[in-house]
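Student: The structure that follows is given in the form of structure tokens.
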Amino acid sequence: MLNSTDTKAIQTTRAWAGLLVVLFGDIGIALAAILVALHLKDGPEATVAILTSAFTAITAMTSAYFGIRAAANTAQSAVAGIQSGGGQSTQDRQLGGQ
């Protein structure tokens, strides 16, 4: 079984790895969109459409990462609270643990 230091190191590594994947994905999308926009000869409307689509893809990927990460952190905290005996119901806490 992993101790808390190992678990924390694993979680930190996962968080950084996920963030780097999202960051490099965002950079790749942005570079591809910029290169296509620079080489496109169809006028400004097509360039705006490509850059808008790229911005939408970057926003969606980044938002999904942070949303999933937040949900995972919340779930981990909830499970850790239950395992440590902090699983009192709201009603029990209001009544003073009776």
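The values are calculated or read from the model by the stated rules, or taken from the named source; none is laboratory data. Since we're looking at a predicted model, the values are computed, not measured. When we count neighbours, we look across all protein chains shown, and the Cβ atoms used for this are built from the backbone with ideal geometry, even at glycine. With ligands, DNA and RNA removed, areas are computed over all heavy atoms of the protein, side chains included. Shrake-Rupley method; radii C 1.70, N 1.55, O 1.52, S 1.80 Å.
Student: Can you tell which of Ser53, Ser77 is over 27 Å from Thr7 (Cβ atoms) and among the polar types (S, T, N, Q)?
Tutor: Values: Ser77 fails: over 27 Å from Thr7 (Cβ atoms).
None of the others qualify; the one that does is Ser53.
Student: List the pairs whose first member sits in the range 58-73 and is hydroxyl-bearing (Ser, Thr, Tyr), whose second member is open to solvent by less than 50 Å² (accessible area, probe 1.4 Å), and whose Cβ atoms are under 7 Å apart, counting only residues at least 6 apart or on separate chains?
Tutor: Pairs found: Thr62/Val22; Thr62/Asp26; Tyr65/Gly18; Tyr65/Val22.
Student: Check Lys41 against each of (1) touching a residue at least 12 places away in the same chain (Cβ under 8 Å); (2) out of contact with any Ser or Thr (no Cβ under 8 Å at 6 or more places or on another chain) and name the one condition it does not meet.
Tutor: Of (1) touching a residue at least 12 places away in the same chain (Cβ under 8 Å); (2) out of contact with any Ser or Thr (no Cβ under 8 Å at 6 or more places or on another chain), only one is false for Lys41: (1).
Student: Starting from residues that are loosely packed, with under 12 Cβ neighbours inside 10 Å and hydroxyl-bearing (Ser, Thr, Tyr), keep the ones in the range 1-56 and report whichever is farthest from Asn73 (Cα to Cα).
Tutor: Thr52
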